[in-house]
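The values are calculated or read from the model by the stated rules, or taken from the named source; none is laboratory data. Since the model is a prediction, treat every value here as computed from it, not as a measurement. Note that we place each Cβ from the backbone using ideal geometry, even for glycine, and neighbour counts take in every protein chain shown.
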């Protein structure tokens, strides 16, 4: 241990454990190697697909580029993603931090920040590692691991901490959570008290990072985005000072963390968010698929027509999520998802869903469809049908996204359909990287793509238009859908193909989305950064 390390963090300083077992598994992949550890390898390989394995490790991350140099391999030297030369090539975890501070108290965070400042050390912050843009990566850095800053308290009458009592807002129900608390932990604790606080769609995501970056989830369309629900935060500034930020002290910092990202301005150690009585709700599932004789143009026009209805449906109180997939992950092109409505009568729901149901009925000639009410009557019922913790993708992927405005889906329906077709999955499983996919990289356009997944799309409709004075990108307030398109590959994909896909996603597909809606932006937590200034 370095002699300058304060005793306050001395017992909590870890070498980057990404898991030593993980890299041993990649470096010493054959039984003949003297350092081969069969037990460690088997354990890592078994747990690798589980999100909770990465979130509970001091260094491992979920980002698509984070652990690419150190993927576990089987005994024969083939990586779990299909690279037959991975074992022979070995691995490197240089992209990960060199050391990790296991912060279990605010004092540990203070000492880590002061040490990093004095020694001029690159610093990163990790709770669960779900940051889609890799903000918690840092080669040769010191990482503050906030994952074990747990603690959840539901407060019936929360009062903000204000220096002057006359500035104190009216008390309200709230939940105070430690920086390491995950969505599933908060949801489980609050639902036992018949309460709700907005959270994401994965139990494994951290409350603090999710909400400060913006935050969308099942309840955000009704109650506001994650950033809109933050009441107060305890933050350690880069100088090591502990401050409270809310609407009556450190107001500039309070404004900044609500949408600008928690780790951008300091290290959040605890967060207080709005809580609500658990609501009644209605939920419906829809499934549509392309018919054999239907063209891709007709299919994507149908999807665009559906989007033209969403703004009015959202104004009526309907929100939800959907996916668009194609072969081979689905038998045909599909557009499916769930729509929900909080605190609504059956008649209110039926009136709100009627335009969408009418579109489905009028599209019988081109699509097969179903629209079914789910047995969900309240918040507790929704939680019962949700999966526990998701798995990480079986390979590598790249994605790009855009917040698409209400005006665009209503006034540019035909153009929206044309763009959706260019960035969405194809009717047939991909086999060749077509020349029209990449104009600027003609030398890379003829590579065979056999066995690669089709493009996949997802749409977030749980967007609140209510204006809140915070740093959340203004594009959220007039958006109807947060649209993501993604492409996956495995270790067996050759470098030329990978370069083609990355360039295509970063420049062509993102360019199409920008041209479609040039004044809009992207979701900080799920953006593709072509430029660090503009989304």
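I'd like to check something: does region 480-499 contain any residue that is closer than 20 Å to residue 222 by Cα and touching a helix residue (DSSP H, G or I) at 6+ places or on another chain (Cβ under 6 Å)? Checked against the condition, which is being closer than 20 Å to residue 222 by Cα and touching a helix residue (DSSP H, G or I) at 6+ places or on another chain (Cβ under 6 Å), region 480-499 yields at least one hit. May I ask you to verify whether residue 261 is touching a residue at least 60 places away in the same chain (Cβ under 8 Å) and on the phi < 0 side of the Ramachandran plot? So residue 261 fails the test. If you scan region 220-240, which residues turn out to be closer than 19 Å to residue 382 by Cα and surrounded by fewer than 24 Cβ atoms within 10 Å (Cβ to Cβ)? 222, 223, 224, listed by residue number.
If you go through region 365-400 and keep only what is at pLDDT 85 or above and assigned to a loop (DSSP other than H, G, I, E, B), you end up with 365, 366, 374, 375, 376, 377. Output yes when any residue across region 95-104 is within 30 Å of residue 490 (Cβ to Cβ) and in contact with a helix residue (DSSP H, G or I) (Cβ under 9 Å, 6 or more places away or on another chain), and no when none is. The answer is no, given that none of the residues of region 95-104 is within 30 Å of residue 490 (Cβ to Cβ) and in contact with a helix residue (DSSP H, G or I) (Cβ under 9 Å, 6 or more places away or on another chain). Among the residues of region 154-186, those that are in contact (Cβ under 8 Å) with a residue 60 or more places away in the chain and out of contact with any strand residue (DSSP E or B) (no Cβ under 8 Å at 6 or more places or on another chain) comprise 164, 167, 168, 169, 184.
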